[in-house]
Amino acid sequence: MWGPGLAALLTCWITGQPVASLGWKWGQSRWQALSYLFPFAVCVVAYGLVYAAGFGGFPNPNTVDSLRKTLSWPNAGTWTVVSGWFVLLASTGFVRGLAASLGEEIGWRGFLNPLLFNRFGFTRGALLTGLIWAVWHFPIIFFSNYDSATPLWFSVPCFLVIVLSLAVIMSWIRMRSGSLWTGAIAHASVNLFNQAFFASLTESRGAITAYTIDESGIMLPLVFLVVAIFVWTKRGSLTEGEASD
């Protein structure tokens, strides 16, 4: 995950662009809080719809049993395990995830997004960043053991919608805040709440479950797309100068 970040830093060194221009400042904490919370809110809505429709259950008893062993809580009740796991993930687990996501986000939201925003404007800049971000994953999706519970013909379009939607949302927050940390936080938050919490704790209700959850299912892409369209309508609040503040 540190490949894009190292590439961005090397490009800065070769071209003479100041590394400070990548957006290292923290900025207003409201943008960081938003970046942490919106992926959680999307997951709550998406998985809530899955559970309400009967496409999956919560929590998965097999995962809970596994967590009891992992956490060394052999006698803890189901909801003690679930809530305890959530607290651990949302705190110390998030810090670990942030260290990994920062590597990508130095490249995507630190270097590439502002560059394309200034050249092409918000919409094309965000979508181009998202397309490059998605294609960067293709080797591991097509030629490695990328975790996907559905066939590629279904999972790849779902993945593309998620990444392009996230690119729009994260680009808008990045431009408003002037901080690449918003991208790193949002990236870590998406991985954390989706993969490590909701997806792993969702109990299967047959083959339909895989087609509705996680990055390879349909529900998250749909909810992220709705949020992205809403954010896109707010693009008029951005100015070119905000990209490099």
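Filter region 12-66 down to residues that are of a type in the set (Val, Ile, Thr) and surrounded by 13 or more Cβ atoms within 10 Å (Cβ to Cβ) and give me whichever is nearest to Phe111 (Cα to Cα). Out of the qualifying residues, it is Val19.
Of Ser148, Ser155, Ser165, which residue is part of a loop (DSSP other than H, G, I, E, B) and either charged (D, E, K, R) or touching a residue at least 12 places away in the same chain (Cβ under 8 Å) (or both)? Reasoning before the result, please.
On the way: Ser155 fails: part of a loop (DSSP other than H, G, I, E, B); Ser165 fails: part of a loop (DSSP other than H, G, I, E, B).
Criteria check complete, one pass: Ser148.
When each of Ala41, Ala99, Ala52, Ala33 is tested for being closer than 21 Å to Ser237 by Cα and free of Cβ contacts under 8 Å to residues at least 60 places away in the same chain, the lone residue that passes is Ala33.
Does Trp108 fit the bill of being crowded, with 21+ Cβ neighbours inside 10 Å and either over 17 Å from the mean Cα position of the chain (by Cα) or not small (Gly, Ala, Ser) (or both)? In short, yes.
Is it true that Ile132 is closer than 28 Å to Ala90 by Cβ, assigned to a helix (DSSP H, G or I), of a type in the set (Val, Ile, Thr) and modelled with pLDDT of 95 or more? Break it down into steps so the answer makes sense when it comes.
Numbers: closer than 28 Å to Ala90 by Cβ: no; assigned to a helix (DSSP H, G or I): yes; of a type in the set (Val, Ile, Thr): yes; modelled with pLDDT of 95 or more: yes.
So Ile132 does not fit the description; no.
Here Thr129 fulfils each of the conditions (1) among the polar types (S, T, N, Q); (2) surrounded by 13 or more Cβ atoms within 10 Å (Cβ to Cβ); (3) out of contact with any Leu (no Cβ under 8 Å at 6 or more places or on another chain) apart from (3). Restricting region 181-237 to residues that are assigned to a loop (DSSP other than H, G, I, E, B) and acidic (Asp, Glu) leaves a set whose member that is nearest to Gly56 (Cα to Cα) is Asp214. Summed over region 28-48, the residues that are closer than 12 Å to Phe197 by Cβ and among the hydrophobic types (A, V, I, L, M, F, W, C) give a count of 3.
Anything in region 74-87 that is hydrophobic (A, V, I, L, M, F, W, C), surrounded by 14 or more Cβ atoms within 10 Å (Cβ to Cβ) and without any contact (Cβ under 8 Å) to a residue 60 or more places away in the chain? List them, or say none. Quick ask: steps written out before the conclusion?
Restricting attention to region 74-87, the residues satisfying the condition of being hydrophobic (A, V, I, L, M, F, W, C) are 76, 79, 81-82, 85-87.
Still in the running and surrounded by 14 or more Cβ atoms within 10 Å (Cβ to Cβ): 76, 81-82, 85-86.
Matches in region 74-87: Ala76, Val81.
Every residue in region 55-71 that is touching a Phe, Trp or Tyr at 6+ places or on another chain (Cβ under 6 Å) and free of Cβ contacts under 8 Å to residues at least 24 places away in the same chain, please. Let's see the steps before the verdict.
First, pick out the residues of region 55-71 that are touching a Phe, Trp or Tyr at 6+ places or on another chain (Cβ under 6 Å): 58, 67.
If the condition is that a residue be touching a Phe, Trp or Tyr at 6+ places or on another chain (Cβ under 6 Å) and free of Cβ contacts under 8 Å to residues at least 24 places away in the same chain, then Leu67 is the only one that fits.
The values are calculated or read from the model by the stated rules, or taken from the named source; none is laboratory data. Keep in mind the model is a prediction, meaning the values are calculated, not measured. All Cβ positions, glycine included, derive from the backbone under ideal geometry; neighbour counts span all protein chains shown.
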